[in-house]
């Protein structure tokens, strides 16, 4: 994947006249069902229509959050998920520090019925389960049981994040979460949602969180996706003067065709290079103030050809291989500068081949 040098503002203007603007879609979903599993020997407690709880209560009993988002109903089939972020809102907790919480894929279906817990702790003790509720022992109370008490889920979490003791908690933009969402889109029959759990080693760590029934601050899944044939941009480049270094693909992303790499506001009169990868690191890896690496490091990183920055505006081209529809290509440009790190990087340019 080598870029070909093609300098000049006239060429850049021509490139823009040939293609539509970058197209990335961002949407936010609320759960279509959620519930809490309350550790119980009898498996008769649930809270389908009340708050969500996660952690361990003051009596040492675990509480686990169940969330399901209907991804396939909201995202077009064939879309490539480039990032996903889960947001929750904590209303109450006896703890002061964030607690590490795992996001686990569920491996079997579960229910949300009509139970509402309103007792001590605004539902911390659960409520009598109603027909169809998930409980500690049941996926659907009272007739269908989990294979394992406490829910059927992947032992290894998709990711972990610090669940705050109050107010908003977020996973941040995450590639592993995006992979889960991609699978939920591509295999909707296997989408049973996520279970959130802490390490459950310490009592009095439980969080009470708003649920989908809350008037505000509902759990939210923010998804960023690109459709085949389209291009997009991600993140921000390093500050260069009063602007930021920017790189984008211009042109339809058709397998076997060529697309333009357009670079703006890079360091003038210097030399740079484009780098490519087949995946994205959406959170970015900061390497100096205002600068982040958005491509995964290591074997996936593919160096392209060098270019001259000249006035800070330049173009190159990328020949797309034939026969790889649905494949994501990410590009980030880097130019030599006089900063302590020695490089000024751009944002990430994205395309999905059609």
field: Unmet criterion (only one of (1) within 26 Å of residue 239 (Cα to Cα); (2) surrounded by fewer than 20 Cβ atoms within 10 Å (Cβ to Cβ)) for residue 330
entry: (2)
message: Let me confirm something: among 276, 264, which residue is closer than 20 Å to residue 225 by Cα and at pLDDT 95 or above?
response: 276
message: Yes or no: the range 322-330 includes at least one residue that is under 21 Å from residue 240 (Cβ atoms) and modelled with pLDDT of 95 or more.
response: yes
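Tell me yes or no: at least one residue of the range 247-254 is surrounded by fewer than 19 Cβ atoms within 10 Å (Cβ to Cβ) and more than 30 Å from residue 354 (Cα to Cα).
no
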- request: Hey, can you tell me all the residues within the range 44-72 that are farther than 26 Å from residue 162 by Cα and either buried (at least 21 other Cβ atoms within 10 Å of the Cβ) or in contact with a helix residue (DSSP H, G or I) (Cβ under 8 Å, 6 or more places away or on another chain) (or both)?
  value: 45, 72
message: Can you pull out every residue in the range 304-322 that is in contact with a strand residue (DSSP E or B) (Cβ under 6 Å, 6 or more places away or on another chain) and more than 18 Å from residue 337 (Cβ to Cβ)?
response: 304, 305, 315, 316, 317, 318, 319
message: For the range 252-281: of the residues being in contact with a helix residue (DSSP H, G or I) (Cβ under 7 Å, 6 or more places away or on another chain) and part of a strand (DSSP E or B), which is farthest from residue 335 (Cα to Cα)?
response: 260
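Yes/no per residue for (1) within 27 Å of residue 72 (Cβ to Cβ); (2) in contact with a strand residue (DSSP E or B) (Cβ under 7 Å, 6 or more places away or on another chain):
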| site | (1), (2) |
| --- | --- |
| 129 | no, yes |
| 140 | yes, no |
| 162 | no, yes |
| 165 | no, yes |
| 188 | yes, no |
| 197 | yes, yes |
query: Where residues in the range 295-321 are modelled with pLDDT of 90 or more and farther than 13 Å from residue 274 by Cα, which of them is surrounded by the fewest Cβ atoms within 10 Å (Cβ to Cβ)?
result: 321
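The values are calculated or read from the model by the stated rules, or taken from the named source; none is laboratory data. The structure presented is a predicted model; accordingly, all values stated were derived computationally and were not measured. Using ideal geometry, Cβ is built from the backbone for each residue, glycine included, and neighbour counts are taken over all protein chains shown.
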